[in-house]
Amino acid sequence: MKTVKTILASALLTAAVVALLATRSFAADAKDTPSITPKTMADALHAVMDSDRTVYTKNVVNRLANQEKVITASEHFVDDKALPLPAQMFRMGSEMVTSKNVGFTYSLLSKWPINKQNAPKTDAEIAGLDAVAANGGKEAYYTTEELGGKKYFTAVYADVGGVAACIKCHNNHEDSPRSDFKLGDVMGGVVIRIPAQ
Amino acid sequence: MKRKTILWLAWCGVLWGGAGLCATLFFSKSRQSAFIPGSTTHGHHQIENDCQVCHTPWMGVKTDACNQCHAEDLKKFRDTHPKSKFTDPRNVDRLKSISADECITCHREHRPEITHAMGVTQPDDYCYHCHKDIAKERPTHKGLPFSGCNASGCHNYHDNTALYEDFIAKHIGEPDTKAKPRVVARPVRAEPKTPTFPGAYPADTDATVIHDWQASAHARAGVACLECHQLGNASKPWIQKPSYDSCSRCHDTEVKGFQAGFHGMRIAAGLSPLTPAMAQLPMKPSSAHRELSCNSCHAPHAYDTRKAAAESCLQCHDDAHSRAYQASPHAKLWAAELAGTAPAGSGVSCATCHLPRSSHFDENDERIVTVEHNQNANLRPDDKMIRTVCLDCHGLPMVLDALADRALINRNFDGPPSVHVESIDLILRRKAAKQKEKQPHTQ
């Protein structure tokens with residue numbers, strides 16, 4: 001009888017120690033797992049997008065098409081055997097990301113879009129594009145919104161006309177609603193959406 | 001008591017028999033048609049006896065069923081309404097009016113009473129859901145009915161490679177027939193190899209077989225008997241009737257194309273080959289029971305691609321368009337090319353338009369010319385053919401009108417079109433309006 005009690009006591013003690021260690025271990029895991037806020041994530045994503053697009057705009061399109069003139073850049077780049085425009089390169093990446101279902105989406109919108117499908121339409125998009133246009137792109141705009149019953153953290157970053165070709169094309173395109181852009185103007189915005197639990 | 005036992009046994013027999021019958025119908029590909037809820041569309045009727053191609057075991061639709069066969073095509077023709085456009089949360093409001101992120105929203109199978117051209121089961125004016133304000137952006141479209149958006153020569157939902165505004169604008173003013181009408185040239189091969197001895201073959205082989213082979217492109221390329229009959233390995237057993245396995249060793253692209261189209265889709269689904277008797281289009285009764293394979297069009301040993309380009313098609317096809325071919329201007333050009341009185345590439349066979357040669361890049365990024373063996377790749381809708389074929393010889397304005405003229409298609413293009421598509425007029429009007437806006441106002 002005494003042996004049975006000893007075995008039971010040992011088993012309980014072992015279980016308690018294992019449970020304690022496991023709890024401590026999980027707690028330690030949770031504590032050690034790095035986590036970032038949606039704002040930090042959106043800022044980081046935008047830094048990558050903005051840098052890649054700037055590199056493509058300046059070191060590929062502007063250098064080869066506008067300065068060296070060895071190739072052209074065209075809206076119909078497949079038919080014209082030309083380089084995709086920087087905005088198209090950005091948009092193609094965005095569509096690819098959306099089809100990968102990785103948990104966030106982004107788009108390039110403008111209050112003066114050449115393609116009307118790219119005009120702001122949700123309240124957050126309208127307020128965000130107004131805000132970054134008003135502050136000249138100095139600060140991004142952050143908010144939360146609910147679309148289709150799901151909540152999102154939404155960040156809007158100014159899209160500034162950085163090279164002469166951007167300005168020239170948007171001012172002269174027959175479908176552009178504005179023709180007085182200047183270098184350094186806020187021409188639109190990048191909207192990043194991250195699902196908020 | 002005895003009577004009760006007999007009744008019980010009979011009842012069990014009925015139950016087991018019924019279950020057995022259902023299982024036989026369910027698992028036998030040739031009998032699954034018993035479960036089909038309504039006739040299948042022209043695109044899928046050939047494979048309707050194999051439910052599992054599209055359905056889960058409990059008759060749901062497989063998530064990726066459509067993509068298995070159609071994803072490549074959509075990618076190739078730069079789908080203008082990809083799923084990713086609708087899964088973006090900013091477009092969630094659009095999904096409320098039409099779930100455009102699912103193929104089956106617009107393409108519901110087995111619903112003949114609501115099925116339109118291209119297997120579309122939405123009312124014709126479905127563009128309205130997202131583009132109802134189009135007249136604000138395009139004043140030229142004011143008052144146009146939404147049921148006409150998809151009319152020939154205007155817009156397609158998926159493939160607009162030949163119908164976008166700047167493309168059409170670029171071709172305004174082109175003549176009906178170009179100064180030098182020529183289709184993509186047959187690729188120039190490297191120096192032909194000296195016909196080699198065909199290698200070992202059964203002693204009872206007919207002499208005409210050897211003769212045909214010696215005159216063929218296979219002989220000129222040094223492809224001997226064992227390449228097809230022993231899969232290139234002399235130690236393998238002799239295959240009396242080589243199948244796709246032999247052809248695809250060298251012609252993989254062509255075999256894949258064949259199996260992606262109406263001619264070979266049954267084989268791709270693991271069913272018996274198509275016979276003209278199964279087709280929905282009118283076919284010649286004399287060919288009703290021929291099974292389709294590579295050899296249906298390319299005679300074994302005498303692989304004459306010129307014969308395959310028209311004669312082979314007309315062995316089976318018996319619709320108005322096919323019957324009118326021989327008397328058509330296109331056929332006369334083809335006959336002149338075959339007779340050597342017209343330059344290469346100036347003739348128009350059935351294959352010129354339906355199995356066209358195309359120039360594209362291979363996996364090593366080398367430009368190659370191959371023949372598209374999927375007869376449907378550039379056919380539905382007809383507008384798909386504009387860029388791949390028609391514009392080689394004709395101007396876009398006439399092509400748009402001709403493809404919208406069903407009677408002219410049935411007569412195999414025996415004269416000028418009697419239908420006019422307004423696309424070009426709308427573009428010209430819009431350009432004129434834009435020009436006027438830009439001009440300074442004068443008193």
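Going by the alpha-carbon gyration tensor, a ≥ b ≥ c the square roots of its eigenvalues, is segment B:285-357 rounded (a/c under 1.5) or, if a/c is not under 1.5, prolate (a/b greater than b/c) versus oblate? Could the numbers behind the result be given before it?
Details: a/c = 2.29, a/b = 1.36, b/c = 1.69.
Verdict is oblate for segment B:285-357.
If each of B:Ser39 and A:Glu146 carries a label point 7 Å out from its Cα toward its Cβ, how far apart are those two points in nm?
4.9 nm
I want to verify the translational diffusion coefficient of the protein assembly as shown in µm²/s; compute it with Stokes-Einstein, Rh as the Kirkwood radius over Cα pairs, at 4 °C and 1.567 mPa s.
Numbers: Rh = 30.3 Å.
Here the translational diffusion coefficient equals 43 µm²/s.
Going out from 0 in 5 Å bins, what whole percent of all Cα-Cα distances in segment B:354-443 drops into each bin?
Here the calculated profile for segment B:354-443 is 3, 12, 15, 17, 14, 11, 9, 8, 6, 3, 2, 1, 0.
What average number of partner chain Cβ atoms lie no more than 10 Å from the Cβ of the residues making up B:80-93? Write down the numbers at each step before the final one.
Working: counts 0, 0, 3, 3, 9, 4, 1, 5, 10, 14, 15, 7, 5, 4.
For peptide B:80-93, the averaged partner shielding equals 6.
How many angstrom lie between the Cα centre of segment B:37-111 and the Cα centre of segment A:100-154?
Segment B:37-111 and segment A:100-154 have Cα centres spaced 30 Å from each other.
Rounded to the nearest angstrom and ordered from largest down, what semi-axes does the equivalent ellipsoid of segment B:198-292 get from its C-alpha gyration tensor (root of 5λ)?
Numbers: eigenvalues 165, 56, 33 Å².
Those come to 29, 17, 13 Å.
Might you report the magnitude of the Cβ-based charge dipole of segment B:37-93 about its Cα centre, with Lys and Arg at +1 and Asp and Glu at -1, to the nearest 20 debye?
Numbers: 7 positive and 8 negative charges, 50 e Å.
Dipole magnitude for segment B:37-93 comes out near 240 debye.
Taking just the alpha-carbon atoms of segment B:72-204, what radius of gyration and Dmax come out, in angstrom?
23.6, 78
As an exercise, find the ratio Rg/Rh for segment A:115-169 from alpha-carbon atoms, using the Kirkwood inverse-distance average for Rh. Walk me through the numbers before you get to the answer.
On the way: Rg = 13.2 Å, Rh = 12.6 Å.
Rg/Rh: 1.05.
If Rh is defined by the Kirkwood formula over all Cα pairs and Rg also comes from Cα, what ratio Rg/Rh do you get for segment B:289-432? Mind showing how you got there, number by number?
Values: Rg = 17.1 Å, Rh = 16.9 Å.
Rg divided by Rh gives 1.01.
Tell me, rounded to the nearest percent, the portion of alpha carbon pairs in segment A:51-197 spaced more than 22 Å apart.
Values: 4519 of 10731 pairs.
Tail fraction, whole percent: 42.
Is the shape of segment A:40-104 best called rounded, prolate or oblate, per the rule: a/c under 1.5 gives rounded, else a/b larger than b/c gives prolate, else oblate, with a ≥ b ≥ c the square roots of the Cα gyration tensor eigenvalues?
Working: a/c = 4.75, a/b = 1.67, b/c = 2.85.
Oblate.
For segment B:86-161, take the alpha-carbon Rg, divide it by the Kirkwood Rh, and send me Rg/Rh.
Values: Rg = 13.4 Å, Rh = 13.8 Å.
Dividing the radius of gyration by the Kirkwood radius yields 0.97.
Partner chain Cβ atoms within 10 Å, averaged over the residues of A:110-117 - can you pull that number for me? Don't skip to the end; give the middle numbers.
On the way: counts 0, 0, 0, 0, 0, 1, 5, 5.
The shielding value for this peptide is 1.
Under the Kirkwood approximation applied to all pairs of distinct alpha-carbon atoms, what is the hydrodynamic radius of segment B:344-395 in Å?
Values: mean 1/r = 0.0850 Å⁻¹.
Taking every pair of different Cα atoms in segment B:344-395, averaging 1/r and inverting gives 11.8 Å.
Tell me which residues come under 5 Å, amide H to amide H, from B:Ala269 once H is placed; ignore anything under 5 positions away on its chain.
none
In whole Hz and in residue order, list the ³J(HN,Hα) couplings for segment B:79-88 that follow from phi through the Karplus curve 6.51 cos²θ - 1.76 cosθ + 1.60, θ = phi - 60°; x for Gly and Pro.
Values, residue by residue: 2, 7, 10, x, 4, 4, 5, 9, 8, 5 Hz.
How big is the convex hull of the Cα atoms of chain B, per residue, in Å³? Please list the in-between numbers first.
Values: hull volume 114.0 nm³, N = 443.
Residue-normalised Cα hull volume stands at 257 Å³.
Take the alpha carbon gyration tensor of segment B:42-97, find the square roots of its eigenvalues, order them as a ≥ b ≥ c, and report rounded if a/c is under 1.5; if not, report prolate when a/b exceeds b/c, else oblate. Display every interim value, and only then the final one.
Details: a/c = 2.85, a/b = 1.61, b/c = 1.77.
In terms of gyration-tensor shape, oblate.
If one computes P(r) from the Cα atoms of segment B:204-254, what percent of pairs lie at distances over 17 Å?
Numbers: 497 of 1275 pairs.
Result: 39 percent of Cα pairs exceed 17 Å.
Within a 10 angstrom radius of the beta carbon, how do A:Lys138, B:Lys170 rank from fewest other beta carbons to most? Don't jump to the answer; show the numbers that get you there.
On the way: A:Lys138 9, B:Lys170 14.
Lowest to highest Cβ neighbour count: A:Lys138, B:Lys170.
Could you work out [θ]222 nm for the protein assembly as shown from helices alone, using -39500 (n - 2.57) per DSSP H run of at least four and dividing by all its residues? Round to the nearest 500 deg cm²/dmol. Could you put the intermediate results ahead of the total?
On the way: 27 runs with 252 residues, N = 640.
Helices in the protein assembly as shown give a 222 nm mean residue ellipticity of -11500 deg cm²/dmol.
Under 19 Å Cα-Cα from A:Lys138, which lysines qualify once same-chain neighbours fewer than 8 residues away are excluded?
A:Lys39, A:Lys111, A:Lys182
I need to check one value: relative contact order of chain B, counting alpha carbon pairs closer than 8 Å and at least 6 residues apart, in percent. Spell out each step's value before the answer.
Numbers: 553 pairs, mean separation 69.8, N = 443.
For chain B, the relative contact order is 16 percent.
Using a 10 Å cut-off around each Cβ, can you sort B:Ser328, B:Ser349 from fewest to most neighbouring Cβ atoms? Don't skip to the answer; put the middle values down first.
Working: B:Ser328 17, B:Ser349 26.
Ordered from fewest to most neighbouring Cβ atoms within 10 Å, B:Ser328, B:Ser349 come out as B:Ser328, B:Ser349.
So the label point goes 7 Å from the Cα of B:Asp362 along Cα→C-beta, right? Which residues of segment B:240-281 then have their backbone N under 20 Å from it?
It comes to B:245-259, nothing else.
At 4 °C and a viscosity of 1.567 mPa s, what translational diffusion coefficient does Stokes-Einstein give for segment B:18-140, taking Rh as the Kirkwood radius over Cα pairs? Give it in µm²/s as a whole number.
Working: Rh = 16.9 Å.
The Stokes-Einstein estimate is 77 µm²/s.
What's the average, rounded to a whole number, of partner chain beta-carbon atoms within 10 Å of each residue's beta-carbon in A:96-106? Show your work: numbers first, answer last.
On the way: counts 1, 2, 9, 6, 1, 2, 0, 0, 1, 6, 1.
Across A:96-106, the average partner-chain Cβ count within 10 Å equals 3.
Among B:Glu109, B:Glu363, B:Glu137, which one shows the biggest mean-square fluctuation in a GNM of chain B, springs joining Cα atoms closer than 10 Å?
Among B:Glu109, B:Glu363, B:Glu137, the largest GNM mean-square fluctuation belongs to B:Glu363.
Only the coordinates and a few stated rules stand behind these numbers; no lab work does. For clarity, every value in this text was computed on a predicted model and none was experimentally measured. Every residue, glycine among them, receives a Cβ derived from its backbone with ideal geometry; neighbour counts consider all protein chains shown.
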